[in-house]
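Please treat every number below as a calculation from the coordinates, not as lab data. No experiment lies behind these values; they were computed from the predicted model shown. No Cβ is skipped: glycine too gets one built from the backbone with ideal geometry, and neighbour counts run over all protein chains shown.
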Amino acid sequence: METYIFQHVEFEGPGIILPLLKKRGHNIHIVKLYAGDPIPHEDGIDFAIMMGGPMSVLDEANYPFFVREKELCRDMVQLGKPLLGICLGAQMIASAFRAAIIKAPEKEVGWYPIQWQDCCKGHSLELGTFNALHWHGEMFRIPKEATKLASSEGCENQAFRLGSAIALQFHLEATPESVESMLKNCADDFAKPGKFVQNEKDIRDLTAQYVKDANNTMNKIIDFLLEKK
């Protein structure tokens, strides 16, 4: 399987996703958008993963490749090919399908519970409540063609499914190393306390506590996407 991972900034990579895909025998291509790598044609892509980043998905003026990236999201869904969006990548999918991207009611930075919706009961995407790493100040509206999958206390829209795509506002791919990278590069995001903003020590401590379960949940979601291919 030819799997393409679209990376928006150097410090937000695929994390645990990389070994999970290698274990499945995928041919993995990392497209470094921040370095000017071109976005390939969808014909050669079997599975696309859109990673996160600190920019706004609405800022096409400064990131003109967003236009082509959204086009690719639409093409993947129309072709029934699996597509996964994480944080900025999730907002990319939402925006591609004409859903609004707005300021979140609460900034979320740190580990907080996700409530997976009851509509998912009875199949392999029944996940219940779990802890995930949050790192965002904007949120997506649910596209009209999509099914809402998850919410949190601080953000009503945390995940959705749209055909062959799943969009996750949160980070299940996090590893201790990737969290350290985000702590280093995004220190301003947690400098000011907030209702759903943890400090550096708490984020680091909770990463050690929750990351293994988060990675297992990421694996289940990837399984679901590939089973539905």
Ranking I39, I166 by Cβ neighbours within 10 Å, fewest first, what do you get?
I39, I166
Quickly rank 146-156, 174-184 as a protection proxy: mean count of other C-beta atoms within 10 Å, highest first.
146-156, 174-184
Which of M50, M92, M76 moves the most in a Gaussian network model of the chain with Cα springs under 10 Å?
M76
Spherically averaged projected area of segment 155-208 from its Cα convex hull (nm²):
4.8 nm²
How far is the Cα center of segment 185-224 from the Cα center of segment 31-101, in Å?
23 Å
Grab the beta carbon distance between M1 and L183, set R0 = 45 Å, and tell me the FRET efficiency rounded to 0.05.
0.85
Here are labelled values, (1) 0.93; (2) 0.99; (3) 1.13, and one is the computed Rg/Rh (Cα atoms, Kirkwood Rh) for what I pasted. Which one?
(1)
Which of the trypsin sites (Lys or Arg not before Pro) found in segment 68-116 are loop residues per DSSP with 16 or fewer other Cβ atoms within 10 Å of their Cβ?
R98
Can you check what the Kirkwood hydrodynamic radius comes to for segment 1-76, Cα pairs only, in Å to one decimal?
12.9 Å
Using Cα pairs under 8 angstrom and six or more residues apart, how large is the relative contact order of segment 2-227, in percent?
20 percent
Of L127, L79, L206, which has the largest mean-square fluctuation in a 10 Å C-alpha GNM of the chain?
L79
Dipole magnitude of the chain about its Cα centre, charges +1 at Lys/Arg Cβ and -1 at Asp/Glu Cβ only, in debye to the nearest 20?
400 debye
